[in-house]
Structure formats: C-alpha cells, structure tokens
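The values are calculated or read from the model by the stated rules, or taken from the named source; none is laboratory data. Note that the structure is a prediction, hence the values are computed from the model and not measured. All Cβ positions, even for glycine, are placed from backbone atoms using ideal geometry, and neighbour counts span all protein chains on display. Areas reflect the complete protein model, heavy atoms only, side chains present, ligands, DNA and RNA absent. Shrake-Rupley method; radii C 1.70, N 1.55, O 1.52, S 1.80 Å.
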Amino acid sequence: MTSHSQASNPGHVCIIMDGNGRWARKKLMPRNYGHRKGVEVTRRCVEFFATAGVDHLTLFAFSSENWNRPEDEVSNLMTLFMQSLQRYTDELHEQGLRIRFIGQREAFSRKLQQQIEQTEAITDANPGMTLNIAANYGGHWDIVNAARRLAQRVCDGVIGVDEIDEQQFSAGLSLDDAPNPDLFIRTGGERRISNFLLWQLAYTEFYFCDCLWPDFDAREMQLALDAYHQRQRRYGKTGEQIEVSG
Ligand code: FPP
C-alpha cells in the first residue's frame, strides 16, 4: 500500500452481479441454474462484506430493463427472489443486518411486495450492515423521481426555486440516508454501469472483473478490496495535495 492509498475498507460497496446465465450455459445447464447458484454466492458475499466492516452493501438484483428477458426467466427470477427472502430474512435478522429495497416495487406481485415489506419491517431497527437490494431499479427513474419530489415541494411552497441545490435534490433520491458508494464492483466482464446508481456514483471507485458472478468467491472479493486499497481518491484535487493532507 502506498502512503496516499485507501487505508480503511470502503463504507459503501455496490455491485452489479453479472454472469449467472453464461456460467450456467458453460455448464450446459439452463440459465436458472446459474441464478440459483448466484443466490448462494450473494449470501456469502453479504457475509464477506459485513465481516469486512462495510456499512452499506447495495446489490443490483433486477433492473427495470430485466423485464425484457424471456417470460419464463422473469418468472423464475421472481420465484427465486421470493424464496430467497423467505429463506434468509430470519438468518440475516439474527446477524443484525438491516435489509432495504430500492426501485419500483409496485410492479411486483402483491405477495412479493408483502414479503419485501415484511423483510424490511423485521430488520428495520438492526444496527449492523445495511443491505440495499435494488429491484426493478433504474438510475434514470431514480433521478426523475427525485426531480418530481422536488417539484412537488416547490409547488407546495416548502422551498423556493432558488433554494434548489445538490443537497436538496439528492434528498429525493434512493439511498438518501447512505453515503455515496466508495467502491463499485461489476462481475461478468462488461465495462458499463447499466443504469445503476447514476447520480450516486459520481466519485466512486470502479472495479470490473471477468469472473462470472457464481464464481465470485472470497478470493475474488478480497481482490476487489485490495484494488480499492491501491486507489488514490482525489475528488478533483491533485495527487500532491492529497499526499500533503494525508
Ligand atoms: C445477472 O446474471 C443476474 C441477474 C440479472 C439477476 C439475478 C441475481 C441473482 C439471482 C443473485 C441475487 C439474488 C438476490 C435474491 C438478491 P445474468 O443473467 O445477466 O448473466 P449473463 O450476463 O451471463 O446472461
């Protein structure tokens, strides 16, 4: 580690968990087999980052564009989300984790929405790591939603147009009570953000790896953290300024 790199682990990690389908196909198995394996890896990943002292872990479980997948895959994913919540809520609650969902949950079945509400309610007061699950989430939607909330506050006379600033705006975004992500991870080889947390990623460190999500084991997770520790975060300043201020 150099004198100017990150000494502490990131406070907020967000992940695009990509590659389940390809992992299954490589094994000549249906895509859903990859998603099932993906859930197991997700469980271990939650454990890993909670143990690493991360305060917020935000996972992209289902994008607003994922509805365009074949009907049977979408239906399998919905079943898998339901089963995963039923299976892991109590366990994660006992470990003191808080679970929250971001995205347009109204699009999900009433039963899944109820399970989501129940999981959030059970774990709401927990002191441990917050696990944010982005489900039917899109970064554009998030920003438009924040604009709509702000416009409503102006219409209601709560604030004036001149008072609108970055802080007022971001208060209407998902994850408004969390610090912005320090580290973004995407598995599966693609180098893009895919409409994930667009506003929140302004100063985030990016880490892309070719490993497919079901193969993202503790070693790979540690490699991502190691890469983060090598980064110098400058926030617009020069490297020399950062070194002087420590
Ligand atoms: C990416 O692989 C995964 C998804 C689109 C969503 C499903 C995620 C899981 C099942 C793991 C997390 C589960 C929970 C409950 C939070 P892909 O299908 O895009 O893979 P491909 O790029 O190889 O086709």
| Dipole of the stretch 19-68, Cα-centred, from +1 at each Lys and Arg C-beta and -1 at each Asp and Glu C-beta, to the nearest 20 debye? | 480
| Under the classification rounded if a/c is under 1.5, otherwise prolate if a/b is larger than b/c and oblate if not, where does the stretch 47-173 fall, given a ≥ b ≥ c as square roots of the Cα gyration tensor eigenvalues? | oblate
| query | How large is the charge dipole for the chain, taken about the Cα centre, if only the Cβ atoms of Lys, Arg (+1) and Asp, Glu (-1) carry charge, to the nearest 20 debye? | reply | 880
| query | Can you pull out the trypsin sites (Lys or Arg not before Pro) in the stretch 138-231 that DSSP calls coil and that have at most 14 other Cβ atoms within 10 Å? | reply | R191, R192
| request: Run the quick spin-label model on E120 and W67: label points 7 Å from Cα toward the beta carbon, then report their separation in nm to one decimal. | output: 1.9
| said: Given the -39500 (n - 2.57) contribution per DSSP H run of 4+ residues, what per-residue ellipticity at 222 nm results for the chain, rounded to the nearest 500 deg cm²/dmol? | reply: -14000 deg cm²/dmol
| task | Multiply the residue separation of N195 and L28 by 0.36 nm, subtract the distance between their alpha-carbon atoms, and state the gained length in nm to one decimal. | result | 57.1 nm
| message | At 7 Å along Cα-to-Cβ for each site, give me the label-to-label distance between N9 and D165 in nm. | response | 3.5
| task | Give, in nm to one decimal, the length gained when the segment between Q113 and K237 is fully stretched (0.36 nm per residue of separation minus the Cα-Cα distance). | result | 40.2 nm
| Three-way shape label, the chain, alpha-carbon gyration tensor, a/c 1.5 | oblate
| message | Could you report the chain's accessible area per residue, 1.4 Å probe, as an integer in Å²? | response | 52
| said: Counting other C-beta atoms within 10 Å, and keeping those with at most 11, which DSSP coil GluC sites (Glu not before Pro) do you find in the stretch 1-97? | reply: E65
| note | Within the stretch 170-229, DSSP-loop chymotrypsin sites (Phe, Trp or Tyr not before Pro) with at most 12 other C-beta atoms within 10 Å are Y203
| said: Straight-line reach from K27: which lysines fall under 17 Å, measuring Cα to Cα and dropping same-chain residues less than 8 apart? | reply: K37
| field | Positive-end residue, the stretch 1-67 charge dipole about Cα centroid, Cβ charges, pick of N20, S64, P30 | value | P30
| remark: Whole-percent carbon and sulfur contribution to the accessible surface of the stretch 13-87 (1.4 Å, no ligands, DNA or RNA) stands at 51
| task | Compute the Cα gyration tensor for the stretch 173-246, then decide on rounded, prolate or oblate, letting a ≥ b ≥ c be the square roots of its eigenvalues: rounded whenever a/c is under 1.5, prolate when a/b is larger than b/c in the other cases, and oblate in all that remain. | result | oblate
